[in-house]
1. Across region 325-355, what is the total count of residues that are closer than 18 Å to E229 by Cβ, of a type in the set (A, V, I, L, M, F, W, C) and open to solvent by less than 80 Å² (accessible area, probe 1.4 Å)?
2. Would you mention how many residues in region 119-135 are over 19 Å from E295 (Cα atoms) and either open to solvent by less than 40 Å² (accessible area, probe 1.4 Å) or within 12 Å of the ligand (Cβ to nearest atom) (or both)?
3. What tally of residues in region 183-219 results from selecting those that are within 16 Å of the ligand (Cβ to nearest atom) and touching a Pro at 6+ places or on another chain (Cβ under 9 Å)?
4. Name every residue in region 236-285 that is in a helix (DSSP H, G or I) and either touching a Cys at 6+ places or on another chain (Cβ under 6 Å) or of a type in the set (G, A, S) (or both), in order of residue number.
5. Could you check region 140-165 and list, in sequence order, the residues that are open to solvent by less than 20 Å² (accessible area, probe 1.4 Å), within 14 Å of the ligand (Cβ to nearest atom) and touching a residue at least 60 places away in the same chain (Cβ under 8 Å)?
6. Looking at I116, is it farther than 21 Å from D38 by Cα, within 16 Å of the ligand (Cβ to nearest atom) and open to solvent by 10 Å² or more (accessible area, probe 1.4 Å)?
7. If we keep just the residues of region 85-113 that are of a type in the set (V, I, T) and buried (at least 17 other Cβ atoms within 10 Å of the Cβ), which is farthest from the ligand (Cβ to nearest atom)?
8. Tell me which of these P389 doesn't satisfy, since it passes every other one: (1) touching a residue at least 40 places away in the same chain (Cβ under 8 Å); (2) open to solvent by 90 Å² or more (accessible area, probe 1.4 Å).
Amino acid sequence: MLIDIIAGARPNFMKIAPIIKEIVRVNDTSEAGKNSKDYWEFRLIHTGQHYDKNMSGAFFEQLGIPEPHLNLESGSGTQSEQTGKIMTRYEEVLRVRPSDLCIVVGDVTSTMACSITAKKMGVRVAHVEGGIRSGDMTMPEEINRLATDSITDYFFTTSTIANENLRKEGIDDSRIFFVGNTMIDTLLGNLERLKKPTVFNEKKLESGRYFVMTLHRPANVDEQNKLKELIDNIAKGVGDNLIVFPVHPRTKKILDDLGISYDNIIYTEPLGYLEFIYLVKHARAVITDSGGITEETTVLKVPCLTLRDNTERPETITEGTNVLIGTNPELVKPALRHLIEGDWKKGTIPQKWDGKASIRIIASIQKLWESDKLKPHEPYVDQDLMYKPK
Ligand code: UD1
């Protein structure tokens with residue numbers, strides 16, 4: 001069995017790390033070893049969508065992800081340019097040696113580009129985190145989710161809501177595997193290894209006395225005036241707490257042009273995974289427009305304010321510690337006031353976010369392999385329309 005594992009952007013890396021660990025563990029414990037027909041050979045393919053050391057390489061080092069077998073070097077450019085580069089280069093890889101299964105994770109440009117390429121080359125596609133929907137067609141991620149899921153063969157889902165979404169779209173239960181959340185596998189697996197970032201002592205941060213903020217969505221950061229108003233309201237709304245703001249490269253370009261600074265905001269480079277989670281775990285609360293971070297705060301039971309109008313992860317709100325504030329800068333202050341007054345829900349942890357999703361994924365793939373369900377599709381014969389000799 002040859003499996004391709006695709007990773008391209010920062011939020012992919014924590015999702016693939018535990019899957020690769022589980023494959024290595026299964027291979028190491030297999031008695032037949034490399035000669036067995038069940039030996040898991042895999043190619044880790046980095047599309048190169050994220051390329052800065054602190055957006056990519058640092059995560060590989062900290063999470064023990066092996067060097068990618070291939071890098072498609074698609075970084076920079078518009079999303080369509082990236083998509084084109086990833087598709088042509090991955091197609092070439094598959095032409096030389098096709099795999100039995102292409103595993104894509106999440107909802108980034110690389111997820112969509114590789115799933116479509118694999119499918120067209122006759123390779124089965126599995127989507128980890130399939131089925132989540134925000135309903136917001138202005139988000140590139142939503143388009144990526146819909147495009148990917150429309151040609152995915154096997155869905156590894158993180159929530160009962162995702163299962164329902166897929167059923168509504170006509171996907172048969174036999175193709176849906178409710179496994180849990182690989183991002184949470186990584187979180188729980190690294191809690192003992194977290195690292196205090198240098199900013200913590202440098203700025204004399206105290207547990208529970210600072211906020212962590214991340215902003216990178218076009219709706220929040222692309223328009224200078226709106227970004228300024230948003231940050232203004234947040235800086236004024238957090239009382240005597242500090243705000244630590246690791247800045248995404250996209251946001252940095254815009255902030256540099258704006259040239260604003262505040263006494264209570266500490267700007268940093270994007271942090272490593274172990275440092276970032278350390279900071280979140282000890283924070284009073286998190287303010288973000290990321291989706292993945294709302295899952296992490298839910299499990300860590302840290303209050304989270306999401307600066308978006310919708311979410312593809314509703315369970316972080318109905319069950320977790322997350323609240324949807326919207327993107328109107330005016331709405332941030334009242335929510336911060338509630339939080340500072342101590343008026344915030346405690347939250348519970350969604351089903352199967354227990355650190356074992358990757359074990360379930362690999363066990364499910366093993367069964368698919370054994371029952372020949374990773375074979376390329378057969379040509380479809382339409383018996384109803386076919387000419388039948390009398
Ligand atoms: C991507 C994902 C988004 C995810 C985010 C996390 C898509 C459509 N979006 O958004 O879902 O939440 O990653 O970070 O895939 N850049 C650098 N260095 C890098 C990476 C990016 O300078 O290492 C700059 C480039 O100028 C690039 C811009 O940031 O044009 C945006 O990068 P891109 O990969 O297009 O999307 P993100 O905004 O990072």
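1. Of the residues in that region, 4 qualify.
2. Here the count works out to 5.
3. 7
4. To start, the set of residues in region 236-285 that are in a helix (DSSP H, G or I) comprises 236-237, 249-258, 273-281.
Matches in region 236-285: G237 only.
5. Matches in region 140-165: E142, R145.
6. Values: farther than 21 Å from D38 by Cα: yes; within 16 Å of the ligand (Cβ to nearest atom): yes; open to solvent by 10 Å² or more (accessible area, probe 1.4 Å): yes.
Yes, satisfied.
7. First, pick out the residues of region 85-113 that are of a type in the set (V, I, T): 86, 88, 93, 96, 103-105, 108-109, 111.
Retained after the next criterion (residues that are buried (at least 17 other Cβ atoms within 10 Å of the Cβ)): 86, 93, 103-105, 108-109, 111.
Values: I86: 11, V93: 20, I103: 17, V104: 12, V105: 12, V108: 3, T109: 4, T111: 8 Å.
Among residues in region 85-113 that are of a type in the set (V, I, T) and buried (at least 17 other Cβ atoms within 10 Å of the Cβ), the one farthest from the ligand (Cβ to nearest atom) is V93.
8. It fails just one condition, (1).
The values are calculated or read from the model by the stated rules, or taken from the named source; none is laboratory data. Please read all numbers here as calculations on a predicted model, not as lab measurements. FYI the Cβ positions are ideal-geometry reconstructions off the backbone, even for glycines, and counts take in every protein chain you see. Accessible surface areas use protein heavy atoms only, side chains included; no ligands, DNA or RNA. Shrake-Rupley method; radii C 1.70, N 1.55, O 1.52, S 1.80 Å.
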